[in-house]
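What follows is one structure encoded as C-alpha cells, with my remarks underneath.
The values are calculated or read from the model by the stated rules, or taken from the named source; none is laboratory data. Bear in mind that the values here come from a model prediction, so they are computed numbers and not experimental data. Quick reminder, even Gly has a Cβ in these numbers, built from the backbone with ideal geometry, and neighbours come from all protein chains shown. Protein only, heavy atoms only, side chains kept; ligands, DNA and RNA dropped before computing areas. Shrake-Rupley method; radii C 1.70, N 1.55, O 1.52, S 1.80 Å.
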Amino acid sequence: MHLSDIFDGIDKEQDTELGDAPELGQSYVVSGTQLTAIAAQFNLDWPDASPLVSTTITRDARIFSREEILALLRTSLGLPAASMDTQIELNDTKPLVFPREQTAQPYLKDVVYTPESNGAFSATLALDQFPSFEFPLSGRVVHTRSVLVLRRQVLAGNPIQLDDLEILARRDTNLPADILHESDEAVGFTARTTLMVGQPLRASQLVHPILIEKNAPIVMSFVTPAMRVTATGVALESGSRNETIRAVNPSAHVIIVGRVVDRAQIEILPGSTPIPMDQHTDPLNKFGRL
C-alpha cells in the first residue's frame, strides 16, 4: 500500500510505500488517528484531520471463475462450447483471484489429454505477462446423455405430469436401453411402481393408463377406406391405448378382437374373424342379456 492510496494530490516523488496491502479482494479501514499520524510523519498539509474521519482501502481483484476455467478447457481440449453430450469433471478447483491491475490473460499450457482411453486430462493454468502465476489443473472428460429425471416422487398408479419432469445430463455409461429422453415419452403415462426423486425414467417403469375396464360397455368400429361401421359391445378384458383386447358383440353373439383407441372405444383389427360364443360359456350370462 502506498501513500497515494490514502491521500489525494500525492506526486510521484512524494509517494512512498507504507506497508502491506489487503489480501486480494479484501478491505481494511484506516482510522482518523492513523491518518493524522501518517500525515504528520510525511509532512502533509491535511486540513480535514480529525479522529472521526476514516478511509477504507480495498484491493481490487479479478476473479477467474470455475465456469471460465471450464470454457478455457473446452477450447483447449477441442470440445463443443456448449453441449450436454460432454461434461468436464474438474478436480479440486476453486475460483482464482489475481490483481485487477494486471492486464495478463489466463491461458493453458502443458495440456495432456487421452480421449481414446479414459478421458483424463492435465494442464497448467498460467497468466501471460505474469510468469509467477501457475496453477495445476486435472480432471476427466465424460460423455453424457440428456435423460428424463423426476423432480418429485410419483406414487404407483399416479399419472406422470409435465411438472414432474426435468431433463438432465447423466453419464453415458450403464444407462438402461429403455431410458427416456423427451417429456412426451412419459407425460400421460402411469407409474407402474413408486418412482423416486432424481430417478431417471425408464419405459419399463411406466404403463399406459387403463382406458377400458373389463365388462365395460364399449363402441366397436370397423374402418376401411370406403366405409366406417360401428356397433356396441362389452369388453372382455381391460386395456390401455394400442393394446389388443377381446370384446363381445351382444347382437351377433360373437367375440371379436380390437385395438384400444380411446376411452370406451376399440377398432376391430383388419382380417380378424369373429368367433361364435359357446352357449355354455356365454360371457353375457354373467351380467344378463343385452
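Observations
- Note on region 13-87: no enclosed strands (runs of 3 or more DSSP E) hold 3 or more residues that are open to solvent by 80 Å² or more (accessible area, probe 1.4 Å) and modelled with pLDDT under 85.
- Considering 125, 148, 137, the condition of being within 25 Å of residue 210 (Cα to Cα), open to solvent by less than 20 Å² (accessible area, probe 1.4 Å) and either among the hydroxyl-bearing types (Ser, Thr, Tyr) or assigned to a strand (DSSP E or B) (or both) is satisfied by 148 alone.
- Among the residues of region 239-257, those that are modelled with pLDDT of 90 or more and not aliphatic (A, V, I, L, M) comprise 244, 246.
- Between 192, 171, 228, the distinction of being closer than 20 Å to residue 161 by Cβ and open to solvent by 40 Å² or more (accessible area, probe 1.4 Å) belongs to 192 only.
- In region 246-280, the residue that is farthest from the chain's Cα centre (by Cα) out of those that are of a type in the set (Ser, Thr, Tyr) and more than 23 Å from residue 211 (Cβ to Cβ) is 251.
- Residue check for residue 110: exposed (fewer than 14 other Cβ atoms within 10 Å of the Cβ), among the acidic types (Asp, Glu) and at pLDDT below 85: no
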